[in-house]
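**Q** Structure provided below as structure tokens; questions to follow.
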Amino acid sequence: MPYLSFLSEYKNQNQIEKSFAFIKNKSFQLASVFLKKPSRITALMAVMSFSLMVYGFAEHHLRKVLQEKKETLPNQLGKPTSKPSMSSVIRKFKNIQVVIFSQSECTRKLVVNMDYFTEKVVRIFGPAAERLYSSA
């Protein structure tokens, strides 16, 4: 029945709309950007579309790993979920700071404000993320 396929695609439209709400989010402060040249507007939309793609991939990867390992993360209310939103995860990383000290030929890196939640997310994203957020 072809109408069932059409109906399921129509219902998935909501997910696409939620994704584009990401671009309209006030944290990007796009309202303060004023561009005159069409080429610059096109470039900005390309960057925002790429950001949306990375955001979607990260959310999909995080949820997939949590479901495969049968693990959860606390949501905004502190209840366990295997389907966290990437925006809630990103907010948890807001206060993390990486401080690099250089003295003579010795360089040290210090990562502050990591907690159980952020450490778990970093482990899920693998070795590259672990190198970024390790104090070694």
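The values are calculated or read from the model by the stated rules, or taken from the named source; none is laboratory data. Being a predicted model, the structure only gives us computed values, none of them experimental. No Cβ is skipped: glycine too gets one built from the backbone with ideal geometry, and neighbour counts run over all protein chains shown.
**Q** Examine the range 65-72 for a residue that is in contact with a strand residue (DSSP E or B) (Cβ under 8 Å, 6 or more places away or on another chain), modelled with pLDDT of 90 or more and either of a type in the set (A, V, I, L, M) or not in a helix (DSSP H, G or I) (or both), and state whether such a residue exists.
**A** Just the residues of the range 65-72 that are in contact with a strand residue (DSSP E or B) (Cβ under 8 Å, 6 or more places away or on another chain), to begin with: 66, 72.
Narrowing the set further to residues that are modelled with pLDDT of 90 or more leaves 66, 72.
Now drop any that are not either of a type in the set (A, V, I, L, M) or not in a helix (DSSP H, G or I) (or both), which leaves 66, 72.
Within the range 65-72, one or more residues are in contact with a strand residue (DSSP E or B) (Cβ under 8 Å, 6 or more places away or on another chain), modelled with pLDDT of 90 or more and either of a type in the set (A, V, I, L, M) or not in a helix (DSSP H, G or I) (or both).
**Q** Identify the single condition in (1) over 30 Å from Glu17 (Cβ atoms); (2) without any contact (Cβ under 8 Å) to a residue 24 or more places away in the chain that Gly78 does not satisfy, given that it satisfies every other one.
**A** With respect to (1) over 30 Å from Glu17 (Cβ atoms); (2) without any contact (Cβ under 8 Å) to a residue 24 or more places away in the chain, Gly78 is out only on (1).
**Q** In the range 66-115, how many are surrounded by 11 or more Cβ atoms within 10 Å (Cβ to Cβ), within 15 Å of Ala129 (Cα to Cα) and not basic (Lys, Arg)?
**A** 7
**Q** Out of the residues in the range 35-55 meeting the condition of being small (Gly, Ala, Ser) and loosely packed, with under 13 Cβ neighbours inside 10 Å, tell me which one is nearest to Ile90 (Cα to Cα).
**A** First pass over the range 35-55, keeping only residues small (Gly, Ala, Ser): 39, 43, 46, 49, 51.
From what is left, the residues that are loosely packed, with under 13 Cβ neighbours inside 10 Å are 39, 43, 46, 49.
Details: Ser39: 30, Ala43: 24, Ala46: 22, Ser49: 18 Å.
Selected residue: Ser49.
**Q** Can you tell me which condition Ala58 does not meet? The list is (1) over 15 Å from the mean Cα position of the chain (by Cα); (2) surrounded by 11 or more Cβ atoms within 10 Å (Cβ to Cβ), and all the others hold.
**A** (1)
**Q** If I ask for residues that are modelled with pLDDT of 90 or more and of a type in the set (D, E, K, R), which ones from the range 92-136 would you list?
**A** Within the range 92-136, Lys92, Lys94, Asp115, Glu119, Lys120, Arg123, Glu130, Arg131 qualify.
**Q** Restricting the search to the range 61-101, which residues are of a type in the set (Val, Ile, Thr), closer than 15 Å to Met114 by Cα and over 12 Å from the mean Cα position of the chain (by Cα)?
**A** Taking the range 61-101 as the starting set, the residues that turn out to be of a type in the set (Val, Ile, Thr) are 65, 72, 81, 89-90, 96, 98-100.
Filter once more, so that each one left must be closer than 15 Å to Met114 by Cα: 89-90, 96, 98-99.
Those that are of a type in the set (Val, Ile, Thr), closer than 15 Å to Met114 by Cα and over 12 Å from the mean Cα position of the chain (by Cα): Ile96, Val98, Val99.
**Q** For the range 26-43, which residues satisfy the criterion of being of a type in the set (A, V, I, L, M), part of a helix (DSSP H, G or I) and at pLDDT below 85?
**A** Pass one, the range 26-43, residues of a type in the set (A, V, I, L, M): 30-31, 33, 35, 41, 43.
Retained after the next criterion (residues that are part of a helix (DSSP H, G or I)): 30-31, 41, 43.
Listed by number, the residues that qualify are Leu30, Ala31, Ile41.
**Q** Now, a different point. Hey, any hits in the range 103-119 for a residue that's in contact with a helix residue (DSSP H, G or I) (Cβ under 6 Å, 6 or more places away or on another chain), in a helix (DSSP H, G or I) and closer than 17 Å to Leu62 by Cα? Steps first, please.
**A** Quick first cut of the range 103-119, residues in contact with a helix residue (DSSP H, G or I) (Cβ under 6 Å, 6 or more places away or on another chain) only: 117-118.
Pick out the ones that are also in a helix (DSSP H, G or I) and you get 117-118.
Next, from what is left, pick out any that are closer than 17 Å to Leu62 by Cα: 117-118.
There is at least one residue in the range 103-119 that is in contact with a helix residue (DSSP H, G or I) (Cβ under 6 Å, 6 or more places away or on another chain), in a helix (DSSP H, G or I) and closer than 17 Å to Leu62 by Cα.
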